[in-house]
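Below: one structure, written as structure tokens.
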Amino acid sequence: MNDIMLDIETLGTGNNSIVIQIGAVYFNRDTGELGKELSVNITLQSCFDVGLKADSGSLKFWFNQPQPYSWLNSPIDLNKALQLLREFYDKKALVWSHSTFDFPRLAEAYTAIGQGFALPYRNLRDIRTLVDLSGIEYKKDVKGDPKNHDALDDCKYQVKYCVKAFDKLKQKMYHDVSCDCYDCKEGKSLKAKD
């Protein structure tokens, strides 16, 4: 499997936010089959110790969520959690996430512990863009949103709607290339003129 879905849970929305949980799972973009998983919870103190911060809005959000919070189960030091992510990542894999949220906060966490970001920028992919280009309405089209704010559970749900988005894009591509309908003929003729 050459794709990884990644999700994090935080105690803030700024780039220097405390990361309390990392979830990741390898997946097959054609079938939705899931592979190797990673789920780590991180101690708050280890995040505070390197200068990461919590914000009041995020704390209020968490206090309004049903308990128990999965990120309180057996947390480990931030250094160890980020090392586990580095070891989990296969250098050939593409990493999918909400890239404007998850990747910057993880990169900042690596910086806070004095390390470079474990994931090369060339392999980072954005699921919001994928969904937008495919035209799916994942909240309507894909059932099973766990809404429990567990990073690994969120990853598995995100895989479901990304696979649907990949399928939709393949259908669009096949339609445009092989179809003989008026719209596709017009599209082909316009492409030929370019």
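The values are calculated or read from the model by the stated rules, or taken from the named source; none is laboratory data. Worth saying up front: this structure is predicted, and the values here are computed from it rather than measured. Counting neighbours? That spans all protein chains shown, and the Cβs are built from the backbone with ideal geometry, glycine included.
Residue 122 - would you say it is part of a helix (DSSP H, G or I), modelled with pLDDT of 85 or more and under 13 Å from the mean Cα position of the chain (by Cα)? So residue 122 does not fit the description; no.
Answer with yes or no whether residue 55 is among the acidic types (Asp, Glu) and over 21 Å from residue 126 (Cα atoms).
Numbers: among the acidic types (Asp, Glu): yes; over 21 Å from residue 126 (Cα atoms): yes.
Against the criterion (among the acidic types (Asp, Glu) and over 21 Å from residue 126 (Cα atoms)), residue 55 qualifies.
For region 77-119, the candidate set comprises residues that are without any contact (Cβ under 8 Å) to a residue 24 or more places away in the chain and in contact with a helix residue (DSSP H, G or I) (Cβ under 8 Å, 6 or more places away or on another chain); within that set, the residue that is surrounded by the fewest Cβ atoms within 10 Å (Cβ to Cβ) is 116. Filtering region 24-61 to residues that are of a type in the set (Phe, Trp, Tyr) and free of Cβ contacts under 8 Å to residues at least 60 places away in the same chain leaves 48, 61. Screening 133, 152 for residues that are more than 19 Å from residue 13 (Cβ to Cβ) and either at pLDDT 95 or above or within 13 Å of the chain's Cα centre (by Cα) (or both) leaves exactly one candidate, 152.
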